[in-house]
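First the structure, in the form of structure tokens, and then the observations on it.
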Amino acid sequence: MTRGQRLTAAIALAAAILLLGRATALLFVNREWYATLGASSVWRDRVATTAVMYGVAFVLGLAFAWANVAAVRRSVIALVVPKRLGNVEFGEEVSSHRLWAVTIGVSAAAAALSLLVLPEWTVPAIARSHVVFAETDPYFGLDLSHFVAWLPLEEAMYHWCVALFAIVAVLVVVMYSLTPSLRWTRGTIRIAAYARRHISVLGAMLLLLAAWGFRLDAFTTLIDGSGAGGTLTRIDRVWIIPADVALSLVAIGASVVLLAAGWVGQTITAFATVTIIVAATLATQLLAPIAAAQIAASPASAAAEAPYAETRADYTARAFPPPGRLASLQYAADSTLLSHAAAVAIPGALPEIVYPNAIGTAVVRDPGRIMVAPRMGDGVRRLLRAWAEQNPRMLTGDLPSNAAFVRERDVRDRVRSLAPIFAQSRPIGAIPTANGVLWIVDLFVMSETYPLAAARIVAGERITYWRHAGTAYVSGGTGAAVIVPDSAPDPVARAWFAAHPGGYIAPTVPPAMLEGPHVPAVPVPPPMTPAGDTAFRHAVEHAYSRMRAALDSGNLRAFGIAFDSLGIAVRGHP
């Protein structure tokens, strides 16, 4: 090994140690954070699901890529690279061991690149949560959990397979083009028998992916039909869905024909097979939906489309029931309070550590152990925390070992970590307590794949299902967080909470989070007012009186309005 190679190996080893150490530190810190909040089950599922998903995908991707790259490698008898020694040029053959090492490296890179399209860990986690609606769709006869819980995972697997196939197929064609097996001669593509058979196998696999895509299209037609607004139409039910199912079977048969034709060199048969599948795809994916939409919109089809409209109305009512009384709306904080949350102080209460839009990690002296957070500790524990935060000052500071190590200080981030599958309400509620502001966020189950319901646009996303799941309460002073499930949770929320038990779930808000009287928050004091400006003094005193009355009654919305009035008076005064 040369000096340069030793230096490269040393740098690579040091980088690997640093990355592995940071990953270990993050695992340790996150595990303690979840355990402190009573949500260890969420952390275990997150780590296990992520490790299995990425591990299995990488191993399968590596195996598939290596099988194809190794097949190209076997067609290469020898690889000679030019070398120069003084004025003499000569060729040096690359050793077989180095070629196989390059093969493994290229395969690993292709597999790693395909991991970029994997979904969030919550997608397989929901599929494994045993969601059961106990209701079936009227066309496939499948439980609705197939669409809400399983279908997103199957679509994610399909997209990953397509991405991996595309990466490997491009890689194989490029590698063959660098060898005599695939070349352009006199306006004609010349391909060796070995390369032709290999590419035929890839073509057959592409048709199998097309068959899988037709199967998914049949299900997604119930979610987004050809009618107005995605309505399922009679043509969808009678023609398009059966056509997708039939094409799925035809594509499987066509893959066998393509493989056999390409293996023996029947180029015309192979080309005809691919052409038929492409034409059928265009017909079902482009032409048929346009025709179905026009037929459904015609007055002559009104009677035939009426049952489908009734079914749509029924499923829409189930997917979007009337919302109940939401705590985040009842105690909604206005934009002024949310933007100045860090400056809010409550006399006699704890300072705000966790609040909306809080950034970074805080280390708080907490001799009474009031904060719901892991402790800094000493030795290895402190080293891991400093490594996780990439902050060496945590090692040299004078912080006591019992100081609270507060992470995820933003309210929404903290709730999202505890309940990652749920959408959050846009408003955030706020109740002043002796433990600081009690922040409130309502949680919802949201799905884009619930069938037959009319879609709605929520936060810029097209969804077909929206149900209240529960309410999250976060103490700004202690960092404590609990989720109170809805009294009648939907099947997804019920399955998720059952699969992820812990102290973070409570039937009601714990009294410890509400202890003490509701006292008014103290805003930043206004600037001193000149004694001679009576009109300005009157406006300030009036606004302050409204603010005091609003906060004494616990009405933070009225406080925000009065605070805005005070701002207008101050900005308008010279």
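The values are calculated or read from the model by the stated rules, or taken from the named source; none is laboratory data. Note that this is a predicted model, so its numbers are computed, not measured. No Cβ is skipped: glycine too gets one built from the backbone with ideal geometry, and neighbour counts run over all protein chains shown.
Some points to look at:
- Of LEU216, LEU209, LEU259, all but one fail to be in contact with a Cys (Cβ under 7 Å, 6 or more places away or on another chain) and not β-branched (Val, Ile, Thr); the exception is LEU209.
- Restricting the first member to segment 482-501 and to residues that are assigned to a strand (DSSP E or B), and the second to residues that are of a type in the set (S, T, N, Q) and crowded, with 19+ Cβ neighbours inside 10 Å, the beta-carbon pairs closer than 8 Å and six or more apart or on different chains are ILE483/THR471; VAL484/THR471.
- Those helices (runs of 4 or more DSSP H) lying entirely in segment 234-351 with at least 1 residues touching a Ser or Thr at 6+ places or on another chain (Cβ under 9 Å): 241-264, 267-282, 288-297, 302-319, 327-330
- Flag for SER114 being in contact (Cβ under 8 Å) with a residue 24 or more places away in the chain, in a helix (DSSP H, G or I) and within 17 Å of the chain's Cα centre (by Cα): yes
- Pick from segment 425-437, criterion touching a helix residue (DSSP H, G or I) at 6+ places or on another chain (Cβ under 6 Å) and assigned to a strand (DSSP E or B), ranking: nearest to THR478 (Cα to Cα): ALA430
- Just one residue in the set ARG467, ARG426, ARG414 is among the basic types (Lys, Arg), closer than 29 Å to GLY225 by Cα, out of contact with any Gly (no Cβ under 7 Å at 6 or more places or on another chain) and touching a residue at least 12 places away in the same chain (Cβ under 8 Å); that residue is ARG467.
- Residue that is free of Cβ contacts under 8 Å to residues at least 24 places away in the same chain, of a type in the set (S, T, N, Q) and at negative phi, where the choices are THR396, THR311, THR361: THR396
- Qualifying residue in segment 504-527 (condition: surrounded by fewer than 17 Cβ atoms within 10 Å (Cβ to Cβ), modelled with pLDDT under 95, assigned to a loop (DSSP other than H, G, I, E, B) and at positive phi): yes
- LEU206 in the same structural domain as VAL274 (by TED's automatic domain parsing) and among the aliphatic types (A, V, I, L, M): yes
- Residues (on the phi > 0 side of the Ramachandran plot and touching a helix residue (DSSP H, G or I) at 6+ places or on another chain (Cβ under 6 Å)) located in segment 96-148: HIS130
- Failed criterion for PRO180 (all others in (1) within 28 Å of the chain's Cα centre (by Cα); (2) not in a helix (DSSP H, G or I) hold): (1)
- Hits in segment 456-480 (condition: out of contact with any Phe, Trp or Tyr (no Cβ under 6 Å at 6 or more places or on another chain) and under 14 Å from VAL148 (Cβ atoms)): ILE463, ARG467
- Selection status of ARG196, part of a helix (DSSP H, G or I), farther than 30 Å from GLU154 by Cα and over 29 Å from the mean Cα position of the chain (by Cα): yes
- Long-range neighbours under 7 Å by Cβ, at least six apart or interchain, first residue farther than 16 Å from ALA70 by Cα within segment 193-220, second of a type in the set (Asp, Glu) and part of a helix (DSSP H, G or I): PHE214/ASP244; LEU216/GLU154; LEU216/GLU155; ASP217/ASP244; ALA218/ASP244
- Meets criteria (surrounded by 19 or more Cβ atoms within 10 Å (Cβ to Cβ), among the hydrophobic types (A, V, I, L, M, F, W, C) and outside the structural domain of THR49 (by TED's automatic domain parsing)) for ALA472: yes
- Filter result (part of a loop (DSSP other than H, G, I, E, B) and surrounded by fewer than 17 Cβ atoms within 10 Å (Cβ to Cβ)) within segment 362-396: ARG365, PRO367, GLY368, ARG369, ILE370, GLY377, ASP378, GLY379, GLN390, ASN391, PRO392
- Just one of the listed residues (ALA9, ALA51, ALA35, ALA14) is surrounded by 12 or more Cβ atoms within 10 Å (Cβ to Cβ), at pLDDT 75 or above, of a type in the set (A, V, I, L, M, F, W, C) and not in a strand (DSSP E or B), and it is ALA35.
- Which listed residue, of VAL406, VAL415, VAL344, VAL354, is closer than 30 Å to HIS468 by Cβ, at pLDDT below 90 and of a type in the set (Val, Ile, Thr): VAL344
- Residue in segment 212-219 that is at positive phi and in contact with a helix residue (DSSP H, G or I) (Cβ under 8 Å, 6 or more places away or on another chain) present: no
- Residue pairs meeting the criteria (Cβ under 6 Å; at least 6 apart or on separate chains; first farther than 20 Å from VAL148 by Cα, in segment 224-242; second at pLDDT 90 or above): ASP236/THR221; ILE240/THR221
- ILE440 being assigned to a loop (DSSP other than H, G, I, E, B), within 30 Å of ALA333 (Cβ to Cβ), of a type in the set (A, V, I, L, M, F, W, C) and assigned by TED's automatic domain parsing to the domain that holds ALA343: no
- The sole residue among ILE191, ILE223, ILE252, ILE235 that is under 28 Å from ILE290 (Cβ atoms) and at pLDDT below 90 is ILE235.
- THR273, sole failed condition from (1) surrounded by fewer than 19 Cβ atoms within 10 Å (Cβ to Cβ); (2) over 23 Å from THR449 (Cα atoms); (3) modelled with pLDDT under 90: (1)
- Tallying residues that are of a type outside the set (Ser, Thr, Tyr), outside any loop (DSSP other than H, G, I, E, B) and within 22 Å of ARG215 (Cβ to Cβ) within segment 117-146 yields 7.
- Among all residues of segment 137-145, there is at least one that is within 24 Å of MET53 (Cα to Cα), at pLDDT 95 or above and either assigned by TED's automatic domain parsing to the domain that holds LEU62 or of a type outside the set (Asp, Glu) (or both).
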